[in-house]
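Student: Pasting a structure below so you can have a look.
The values are calculated or read from the model by the stated rules, or taken from the named source; none is laboratory data. Since we're looking at a predicted model, the values are computed, not measured. All Cβ positions, glycine included, derive from the backbone under ideal geometry; neighbour counts span all protein chains shown. Accessible surface areas use protein heavy atoms only, side chains included; no ligands, DNA or RNA. Shrake-Rupley method; radii C 1.70, N 1.55, O 1.52, S 1.80 Å.
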Amino acid sequence: MRFSSICVIGLGYIGLPTASTFATHGIRVFGVDSNPAVIKSLQNGQVHIYEPGLNEVVSQALTSGNLKISAKPEVADAFIIAVPTPFYDDKKADMRFVTSAAESIVPVLREGNLVVLESTSPPLTTRDLVLPILEKSGLKAGRDFKLAYSPERVLPGQIMRELVENARVIGGIDAASAEAGRDLYATFVRGEIVLTDSTTSEMVKLMENTYRDINIAIANEFSRLADRFGVDVWEAIQIANRHPRVKILNPGPGVGGHCISVDPWFFVEAAPDITPLILTARKVNDGQPRFVVKLVEKAMLQAKSKKIACLGLAFKPDVDDLRESPAVDVARLLAEAGSEVTVLEPFNTNFEVKGAHNCATLEEAIKDAQVIVLLVNHSQFRNIDPAALAKLTAARTVVDTVNAWNANAFSAAGFKVFRLGVGK
Ligand code: SAJ
């Protein structure tokens with residue numbers, strides 16, 4: 001199948017890179033978003049999210065005239081749905097964005113079209129939720145239009161490269177739908193394109209992130225064990241990982257972001273009776289901020305006052321994304337427990353943590369602090385010189401939750417150093 005125009009619904013972390021990459025590969029793209037602020041800023045050439053390399057591609061796509069931004073889908077050869085699938089407070093999947101995106105396609109769906117769902121979704125979403133909505137057009141899936149599920153699997157911070165280079169799985173509701181999906185993504189994907197059915201590809205995506213969540217959970221549990229038994233977990237992991245079949249991940253303040261901390265819940269919701277391990281891993285990772293708070297409380301026993309500076313709020317290093325971030329939980333929990341908390345997130349200085357004071361510079365954040373807690377391994381924090389740091393702050397205690405700082409160098413600069421997972 002050949003595609004000359006496509007419509008990408010949802011211009012977030014996945015939709016915008018996808019839309020602009022198609023546009024720079026010669027396809028006419030309608031980028032659709034329901035948020036007027038997003039439309040306005042993109043129409044003015046402003047990119048509303050931070051992702052290395054994205055600005056350049058979007059601006060190229062807009063200047064070429066191939067990328068047009070609009071509020072509603074237009075008639076096109078193919079439609080890609082890339083809207084968020086958050087969860088409700090009770091961890092049940094919130095499919096309202098997917099539902100309304102599919103509904104918005106109905107009036108413009110034509111015979112011969114391809115529709116691809118990219119949003120991470122519970123098993124069977126393509127067949128049981130999206131397909132019946134699209135058939136309200138009077139067209140029949142499989143016979144009149146093609147329908148597939150193709151999860152994005154890119155890593156925030158490296159989206160522009162991984163979008164092109166990663167292997168991509170495309171699951172069709174039938175073989176012809178999967179093949180049409182392959183023809184579409186072959187426009188720019190250089191990685192292997194693997195075809196399967198839609199439910200398998202939905203499961204693949206959830207399995208990848210669940211696998212990672214469980215592996216981080218065991219690393220986090222190891223950090224608690226090491227703390228109890230007087231061991232340095234980082235040293236122990238390094239040694240264990242010399243075994244040819246062992247690859248333990250890094251403990252940290254918890255698991256955040258919109259993927260790994262969310263996706264396993266889709267399995268738990270869909271089949272609670274057979275997913276005890278997945279549920280437990282989620283609970284372990286969600287409990288990790290409280291473990292970090294206990295460590296900070298231990299460090300504070302020596303401090304004169306309860307003034308704490310938290311460095312980093314993003315869910316992982318060198319991104320501006322704070323969704324589900326465990327660092328935010330740690331700062332909030334410390335403030336709730338009665339400490340005077342300053343926070344610094346260099347990639348997003350406008351974010352407010354309830355009860356904490358938001359700072360724009362490192363100097364402001366640490367000046368009067370008694371304890372400095374490193375929560376995110378941003379390169380600019382990792383490279384801090386401890387002697388220079390000592391001149392900027394009253395604090396003489398640091399807590400490193402991400403194993404970024406050289407403990408000996410910090411000790412030499414006069415700091416008492418506490419590290420996550422180090423009971424020595
Ligand atoms: N984390 C740890 N220890 C580690 C690795 C990560 O605590 O050893 C934490 C991070 O700090 C972060 C969270 O886990 O809070 C998730 O970060 P991540 O870098 O592992 O993953 P994401 O959420 O940025 O992206 C993941 C990726 N999935 C996998 O690696 C299996 C990406 O490929 C997916 O496209 C993305 O989820 C997604 O959209 O589903």
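Student: Being surrounded by 24 or more Cβ atoms within 10 Å (Cβ to Cβ) and over 20 Å from Ala404 (Cα atoms) is the filter here; which residues of the range 313-338 pass it?
Tutor: Of everything in the range 313-338, just one residue is surrounded by 24 or more Cβ atoms within 10 Å (Cβ to Cβ) and over 20 Å from Ala404 (Cα atoms), namely Leu334.
Student: Would you pick out the residues in the range 275-296 that are more than 13 Å from the ligand (Cβ to nearest atom), hydrophobic (A, V, I, L, M, F, W, C) and within 12 Å of Ala217 (Cα to Cα)?
Tutor: Across the range 275-296, the qualifying residues are Leu277, Ile278, Leu279.
Student: Among the residues of the range 100-110, are any more than 16 Å from Gly10 (Cα to Cα), out of contact with any Gly (no Cβ under 9 Å at 6 or more places or on another chain) and of a type in the set (Asp, Glu)?
Tutor: no
Student: Also, quick follow-up: Look through Pro326, Pro346 and report the one residue that is of a type outside the set (Lys, Arg) and touching a Gly at 6+ places or on another chain (Cβ under 7 Å).
Tutor: Only one candidate passes the filter, namely Pro326.
Student: Also, quick follow-up: Test Arg161 against the criterion of being closer than 28 Å to Val75 by Cα and modelled with pLDDT of 95 or more, and give yes or no. Step through it out loud before you land on a result.
Tutor: Working: closer than 28 Å to Val75 by Cα: no; modelled with pLDDT of 95 or more: yes.
No, not satisfied.
Results for (1) under 27 Å from Arg153 (Cβ atoms); (2) surrounded by 17 or more Cβ atoms within 10 Å (Cβ to Cβ); (3) within 14 Å of the ligand (Cβ to nearest atom), shown as yes or no for each residue.
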{"position": "Leu206", "(1), (2), (3)": "yes, yes, yes"}
{"position": "Ile214", "(1), (2), (3)": "yes, yes, yes"}
{"position": "Ala217", "(1), (2), (3)": "yes, yes, yes"}
{"position": "Val231", "(1), (2), (3)": "no, yes, no"}
{"position": "Arg242", "(1), (2), (3)": "no, no, no"}
{"position": "Gly252", "(1), (2), (3)": "yes, yes, yes"}
{"position": "Cys259", "(1), (2), (3)": "yes, yes, yes"}
{"position": "Asp273", "(1), (2), (3)": "no, no, no"}
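Student: Go through the range 295-328 and give me each residue that's charged (D, E, K, R), within 17 Å of Ala390 (Cα to Cα) and assigned to a loop (DSSP other than H, G, I, E, B). Give the derivation first.
Tutor: Initial filter on the range 295-328 (charged (D, E, K, R)): 297-298, 304, 306-307, 316, 318, 320-321, 323-324.
When the remaining residues are screened for being within 17 Å of Ala390 (Cα to Cα), the result is 304, 307.
If the condition is that a residue be charged (D, E, K, R), within 17 Å of Ala390 (Cα to Cα) and assigned to a loop (DSSP other than H, G, I, E, B), then Lys304 is the only one that fits.
Student: Name the residue, out of Asn250, Asn209, that is farther than 22 Å from Gly312 by Cβ, among the polar types (S, T, N, Q) and within 21 Å of the chain's Cα centre (by Cα).
Tutor: Among Asn250, Asn209, only Asn209 is farther than 22 Å from Gly312 by Cβ, among the polar types (S, T, N, Q) and within 21 Å of the chain's Cα centre (by Cα).
Student: I've got another one for you. Which of the residues belonging to the range 85-123 are within 23 Å of the chain's Cα centre (by Cα), touching a residue at least 12 places away in the same chain (Cβ under 8 Å) and open to solvent by 10 Å² or more (accessible area, probe 1.4 Å)? If you could, list the steps in order and put the result at the bottom.
Tutor: First, the residues of the range 85-123 that are within 23 Å of the chain's Cα centre (by Cα): 85-101, 116-123.
Within this subset, residues satisfying the condition of being touching a residue at least 12 places away in the same chain (Cβ under 8 Å) are 85-87, 91-93, 95, 97-101, 116-123.
Result: Pro86, Phe87, Lys91, Lys92, Ala93, Met95, Phe97, Thr99, Ser100, Thr120, Pro122, Pro123.
Student: Kindly indicate the residue of the range 183-204 that is part of a helix (DSSP H, G or I) and of a type in the set (A, V, I, L, M) and also farthest from the ligand (Cβ to nearest atom) among those meeting that condition. Give the derivation first.
Tutor: Residues of the range 183-204 that are part of a helix (DSSP H, G or I), as a first pass: 183-185, 198-204.
Filter once more, keeping what is of a type in the set (A, V, I, L, M): 184, 203-204.
Details: Leu184: 19, Met203: 13, Val204: 11 Å.
Step by step, filter the range 183-204, then rank; the result is Leu184.
Student: Quick check on my filter: what residues within the range 163-182 are assigned to a helix (DSSP H, G or I), free of Cβ contacts under 8 Å to residues at least 60 places away in the same chain and within 14 Å of the ligand (Cβ to nearest atom)?
Tutor: At the first step, the residues of the range 163-182 found to be assigned to a helix (DSSP H, G or I) are 163-165, 175-182.
Of the ones still in play, those that are also free of Cβ contacts under 8 Å to residues at least 60 places away in the same chain are 165, 175-176, 178, 182.
Result: Glu165, single match.
Student: A further question on this structure: Looking at the range 15-76, what helices (runs of 4 or more DSSP H) fall wholly within it and have at least 2 residues that are in the same structural domain as Phe97 (by TED's automatic domain parsing) and open to solvent by 50 Å² or more (accessible area, probe 1.4 Å)? Can you show your working first?
Tutor: Values: elements: 15-23, 36-43, 54-64.
The helices (runs of 4 or more DSSP H) meeting that bar are 36-43, 54-64.
Student: Quick one: which residue in Val292, Val246, Val255 is in contact with a helix residue (DSSP H, G or I) (Cβ under 7 Å, 6 or more places away or on another chain) and part of a helix (DSSP H, G or I)? Please lay out each step first, then the result.
Tutor: Numbers: Val246 fails: part of a helix (DSSP H, G or I); Val255 fails: part of a helix (DSSP H, G or I).
Only one candidate passes the filter, namely Val292.
Student: Run down Thr349, Thr361 and say which single residue is modelled with pLDDT under 95, of a type in the set (Val, Ile, Thr) and under 29 Å from the mean Cα position of the chain (by Cα).
Tutor: Checking each option against the conditions leaves just Thr349.
Student: If I filter the range 150-157 for residues that are in a strand (DSSP E or B), touching a Lys or Arg at 6+ places or on another chain (Cβ under 7 Å) and at pLDDT 95 or above, do I get at least one hit? Don't jump to the end; show me each part of the working.
Tutor: Looking only at the range 150-157, we keep the residues that are in a strand (DSSP E or B), and these are none.
No, because not a single residue in the range 150-157 is in a strand (DSSP E or B), touching a Lys or Arg at 6+ places or on another chain (Cβ under 7 Å) and at pLDDT 95 or above.
Student: With respect to Ile372, is the statement that it is open to solvent by less than 30 Å² (accessible area, probe 1.4 Å), over 23 Å from Asp286 (Cα atoms), modelled with pLDDT of 95 or more and not charged (D, E, K, R) true? Break it down into steps so the answer makes sense when it comes.
Tutor: Details: open to solvent by less than 30 Å² (accessible area, probe 1.4 Å): yes; over 23 Å from Asp286 (Cα atoms): no; modelled with pLDDT of 95 or more: yes; not charged (D, E, K, R): yes.
Judged against the criteria, Ile372 is not a match.
Student: Among Ser34, Ser5, Ser20, which is the only one that is among the hydroxyl-bearing types (Ser, Thr, Tyr), closer than 12 Å to Ala71 by Cβ and either within 16 Å of the ligand (Cβ to nearest atom) or touching a residue at least 24 places away in the same chain (Cβ under 8 Å) (or both)?
Tutor: Sole residue among the options that is among the hydroxyl-bearing types (Ser, Thr, Tyr), closer than 12 Å to Ala71 by Cβ and either within 16 Å of the ligand (Cβ to nearest atom) or touching a residue at least 24 places away in the same chain (Cβ under 8 Å) (or both): Ser34.
Student: A follow-up question, please. Just to be sure I understand, how many residues within the range 377-424 are open to solvent by less than 50 Å² (accessible area, probe 1.4 Å), within 24 Å of Lys306 (Cβ to Cβ) and outside any loop (DSSP other than H, G, I, E, B)?
Tutor: Qualifying residue count, the range 377-424: 14.
Student: In addition: I need a count of the residues in the range 289-312 that are closer than 19 Å to Glu345 by Cα, touching an Asp or Glu at 6+ places or on another chain (Cβ under 8 Å) and open to solvent by less than 60 Å² (accessible area, probe 1.4 Å).
Tutor: 3
Student: For the range 102-124, state whether one or more residues are within 16 Å of the ligand (Cβ to nearest atom) and touching a Lys or Arg at 6+ places or on another chain (Cβ under 6 Å).
Tutor: yes
Student: A further question follows. Can you confirm whether the range 173-183 contains a residue that is among the aliphatic types (A, V, I, L, M), more than 20 Å from His25 (Cα to Cα) and either open to solvent by less than 40 Å² (accessible area, probe 1.4 Å) or in contact with a His (Cβ under 6 Å, 6 or more places away or on another chain) (or both)? It would help to see each step written out before you state the result.
Tutor: First, the residues of the range 173-183 that are among the aliphatic types (A, V, I, L, M): 173, 175-176, 178, 180.
Still in the list and also more than 20 Å from His25 (Cα to Cα): 173, 175-176, 178.
Filter once more, keeping what is either open to solvent by less than 40 Å² (accessible area, probe 1.4 Å) or in contact with a His (Cβ under 6 Å, 6 or more places away or on another chain) (or both): 173, 178.
Yes, the range 173-183 has at least one match.
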